[in-house]
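Asks: Input: one structure, supplied below.
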Amino acid sequence: MFATIRRYDGVDQDRAAEVTRKVEESLVPKLRNLPGFEGYYLIDAGHGVFSSVGLFESPEQGRESTKIVADWIRDENLQSAIPNEPKITSGQVVVHGNVVTVA
């Protein structure tokens, strides 16, 4: 599994609800259509900081998701709400823990 983490600083706090809604309504469906998609999580850390975690089967799929997100920001006219390029960390997931339920 391959993970891509993006950290966005300086997100317009007055538009945080709009960004979140648009991610859910239009970005996540685009990412779901990518081959190898395994998950996407958006984190609102407050104070204009958002982070996302995308999970894919391969590095190439993770890189493609980064292109899709950049295009999506432009297509949704969110440049003023998300004015800064994200800081991106990506790599192979080397430890993965799941929730264990006891019956």
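Asks: Given the DSSP H assignment, sum -39500 (n - 2.57) over each helix run of at least 4 residues in the chain and divide by its residue total; what's the result at 222 nm in deg cm²/dmol, nearest 500? Please list the in-between numbers first.
Replies: Working: 3 runs with 29 residues, N = 103.
That comes out to -8000 deg cm²/dmol.
Asks: Let me ask something else about it. Can you give the angle from 0 to 90° between the axis of helix 59-75 and the longest principal axis of the chain, with both taken from C-alpha atoms, to the nearest 10?
Replies: 20 degrees
Asks: Something else: For the range 34-76, how big is the tail of P(r) above 13 Å, as a whole percent of Cα pairs? Please list the in-between numbers first.
Replies: Numbers: 542 of 903 pairs.
Looking at the range 34-76, the distances longer than 13 Å represent 60 percent of pairs.
Asks: Run the accessible area of the chain with a 1.4 Å probe and give the carbon-and-sulfur part as a rounded percent.
Replies: That fraction is 51 percent.
Asks: Can you give the accessible area per residue of the chain, in Å², using a 1.4 Å probe?
Replies: 63 Å²
Asks: Taking just the alpha carbons, could you work out the radius of gyration and Dmax for the chain, both in angstroms?
Replies: According to the Cα coordinates of the chain, Rg and Dmax are 14.2, 49 Å.
The values are calculated or read from the model by the stated rules, or taken from the named source; none is laboratory data. No experiment lies behind these values; they were computed from the predicted model shown. Ligands, DNA and RNA are stripped out before the accessible areas are found, and what is left, the full protein with its side chains, is counted by its heavy atoms. Shrake-Rupley method; radii C 1.70, N 1.55, O 1.52, S 1.80 Å.
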